[in-house]
Each structure stands twice: as structure tokens, then as C-alpha cells.
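For reference, the structure is listed below as C-alpha cells.
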């Protein structure tokens, strides 16, 4: 009887250990996939911008605070990229309050990111009055928009084609001056 109990415990421990290894492999794979996406985004941003800031915040005081995924210096002006990592089908419009993600047959609502992005751009305009600022929402390539995509929403694979490579010499002195001014207001985790 004791030998049978030891075999049962051994099998239970082996199965439990195997399950634990599978869980670790799954989460490691997911984490590596996220890191691969982030590296890809950073490569494209480096390629198209004269300079950029990532994971940046702007604190104007009096509850006027904004977090920016990316702010780019480009020959066409300042470009703000808001990253959204949503997979599956996305149903969206500029005017509706809630966007919908459909993934594995289930739907999930999330707030229209344009509303928050507009607030962030207004804060930037306080720092850089008169400066051209473009705002884009960037989805990873695991998203698709079967009913159409709002203007200023891009997939990562389209970002490099949307903007030509910018070198420092291509950027006007007014943009460079505005960039230097902006960087004094921002705190970054670059």
C-alpha cells in the first residue's frame, strides 16, 4: 500500500512540475513577443525621426498631466504616437465614445483614444504655440479594422511608409528650436 501511495505522489509531482513548466514557457513566450513588438516600434521610430522621446510625461501643474508613448521630431513637425496593443477586429470611429475589440468571439469595449489624445495635444500646444503637431494612434499589426479605420490611425507596418526618413539636416531650425524647448518641459524614461 505504501509503495502505491509513493507512485501516486510521484506521478502527481511530475504532472504538477510539467504543468508549471508549461505555464512558465507560455508567459515567457508572451513576454518575448511583447518585447519583439516594442523593439520593432522603436526601430521604425528611429528610422523615420530626427530625434524622439519615449515614455515621456509632461506635468503642467494644476492637474494638467500627460503621458506620451512617443514624441518624434520630424521634418514635417512634431509627431505624437499613442500606442495601442489590441489584437483582433477593432470597430472604431472618431466620434463614438467606445470602440470595440472582438477577439476569439468575445467583444470588449474601450474608450475612444482620440479623446485623451486631443487633451494631450492641447497641453503640448501650450508649450509649443504655433508649432505643427500631428497626432497618430498606432496599433500593432495584430489588429485589423474590418469596417474601416478612422483617420490618423495606423498599423505598425504602415508607419514607415507613412513618413519618410528624417535626418537632422532635413529639419528646419524652427522645429529644432521647438524640440529643444519641449525637451526642457518633459521628463523621460528613455
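Some notes on this structure:
- Taking the stretch 154-171 as the range and being assigned to a loop (DSSP other than H, G, I, E, B) and over 24 Å from residue 118 (Cα atoms) as the test, the residues that pass are 164, 165, 166, 167, 171.
- Scanning the stretch 132-153 for residues that are outside any strand (DSSP E or B) and closer than 13 Å to residue 80 by Cα, we see that the one that is farthest from the chain's Cα centre (by Cα) is 132.
- For residue 50, the criteria (1) in contact (Cβ under 8 Å) with a residue 60 or more places away in the chain; (2) exposed (fewer than 14 other Cβ atoms within 10 Å of the Cβ); (3) touching a helix residue (DSSP H, G or I) at 6+ places or on another chain (Cβ under 7 Å) hold in every case but one, which is (2).
- Where residue 151 falls short, out of the listed (1) in contact with a helix residue (DSSP H, G or I) (Cβ under 8 Å, 6 or more places away or on another chain); (2) more than 20 Å from residue 50 (Cβ to Cβ); (3) without any contact (Cβ under 8 Å) to a residue 60 or more places away in the chain: (1)
- For residue 134, the stated conditions hold: it is in contact with a strand residue (DSSP E or B) (Cβ under 7 Å, 6 or more places away or on another chain) and at pLDDT 90 or above.
- So residue 127, is it touching a residue at least 12 places away in the same chain (Cβ under 8 Å) and more than 24 Å from residue 44 (Cα to Cα): yes
- A count restricted to the stretch 127-144 and to residues that are surrounded by 14 or more Cβ atoms within 10 Å (Cβ to Cβ) and more than 19 Å from residue 37 (Cα to Cα) stands at 6.
- Residue 103 being within 20 Å of residue 81 (Cβ to Cβ) and surrounded by 13 or more Cβ atoms within 10 Å (Cβ to Cβ): no
- Test: residue 120 is surrounded by 16 or more Cβ atoms within 10 Å (Cβ to Cβ) and in contact (Cβ under 8 Å) with a residue 24 or more places away in the chain: yes
The values are calculated or read from the model by the stated rules, or taken from the named source; none is laboratory data. All figures in this text were calculated on a predicted structure; none of them were measured in a lab. All Cβ positions, even for glycine, are placed from backbone atoms using ideal geometry, and neighbour counts span all protein chains on display.
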